[in-house]
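Read-outs: derived from the displayed coordinates by stated rules, not from any lab. None of these values were measured; they are calculated from a predicted model. In this analysis, Cβ positions are derived from the backbone assuming ideal geometry, glycine residues included, and neighbour counts consider all displayed protein chains.
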Amino acid sequence: MRKAADLVWEEGYQQPFIRELGEGTLQRERFAFYLLQDFRYVNDYARVHALGLAKATDPEIMAFMLKVQNGALQVETEVHRSYLASYGITEEQMNNVRQSAFARAYTSNILSIAYGKDILDILVAVLPCAWVYADYGYRLAAEFADTLDDNPYKSWVDMYKTDEFWQDSVWLLEHIEKLVADASEERKRELIDIFVTGVENEYMFWASAYDMQYTWKPEWNQER
Ligand SMILES: Cc1ncc(CN)c(N)n1
């Protein structure tokens, strides 16, 4: 699965948003755009886990879904709140943000999987969210270790480089591997497609935030 996504995974780490975040040179407006979209995303990400919990029969999977849901709502969004408050953005603005086309594409995709598909599809759909962030978080922390203390985005990197985020990916991988052991080749291909689409969506989420892009063409970008 990881191999199938390798090209976009590596390009994702090299894209301007991530490079400048690591260097600490990313324009605040771009980061705020990203955080506002991501605040909304993380709420829906918690909803996906709630739906996963409702569909799971294995108590271990249920407990994991509950844990991630709580972490998203209570820990992850605290970093968003703290940055956005320091930029003078109110809670009301955070709750009423206009969703970008790219954020909507990603969110709609994982929500439709959560509503319509099996628990295995849901686990695969959330894997890029956990794994890409943990991987980039670790790599950024290592690559920019010498300058991170002076980087305004240090708290963001610190959150995703944690062992806990990494362990969530390990947990997902182990459980997915067990569940796919007897799957047909066709089913495996379906799951790989869900995974690679997720990694592509992660890429576009950052790329569109870097361009502060709400919609496909700038001339369509009217107030709504
Ligand atoms: C778009 C996106 N993907 C993943 C994560 C990490 N939970 C996030 N905060 N935002």
Original post:
In segment 15-64, which residues are of a type in the set (S, T, Y) and closer than 30 Å to K178 by Cβ?
Top reply: Y41, Y45, T57
Original post:
Does segment 124-141 include one or more residues that are closer than 17 Å to G12 by Cα, among the small types (G, A, S) and more than 13 Å from the ligand (Cβ to nearest atom)?
Top reply: yes
Subject >> So D58, is it surrounded by fewer than 21 Cβ atoms within 10 Å (Cβ to Cβ) and either closer than 17 Å to F165 by Cβ or within 15 Å of the ligand (Cβ to nearest atom) (or both) >> reply: no
**OP:** Considering only segment 197-212, state which residues are buried (at least 20 other Cβ atoms within 10 Å of the Cβ) and either more than 15 Å from the ligand (Cβ to nearest atom) or among the small types (G, A, S) (or both).
**Re:** G198, S208, A209
**OP:** Find the residue count for segment 195-220, including only residues that are aliphatic (A, V, I, L, M), farther than 14 Å from Q37 by Cα and in a loop (DSSP other than H, G, I, E, B).
**Re:** 0
Original post:
Exactly one of (1) outside any loop (DSSP other than H, G, I, E, B); (2) farther than 18 Å from N201 by Cβ; (3) not hydroxyl-bearing (S, T, Y) is unmet by R98. Its number?
Top reply: (1)
Subject >> Qualifying residue in segment 113-127 (condition: in a helix (DSSP H, G or I), of a type outside the set (D, E, K, R) and within 19 Å of M159 (Cα to Cα)) >> reply: yes
Subject >> Single residue of R19, R81, R40 found to be part of a helix (DSSP H, G or I), farther than 16 Å from A130 by Cβ, more than 16 Å from the chain's Cα centre (by Cα) and within 16 Å of the ligand (Cβ to nearest atom) >> reply: R81
Subject >> Any chance R47 is part of a helix (DSSP H, G or I), more than 21 Å from I18 (Cβ to Cβ) and in contact (Cβ under 8 Å) with a residue 60 or more places away in the chain >> reply: yes
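Among the candidates F165, F195, which residue alone is closer than 20 Å to A114 by Cα, of a type in the set (F, W, Y) and touching a residue at least 24 places away in the same chain (Cβ under 8 Å)?
Answer to the check: F195.
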**OP:** Starting from segment 127-155, take each residue that is within 25 Å of M1 (Cβ to Cβ) and list its partners that are within 14 Å of the ligand (Cβ to nearest atom) and acidic (D, E), counting only C-beta distances under 6 angstrom and pairs at least six apart or across chains.
**Re:** P128/E202; A130/D168; V132/E202
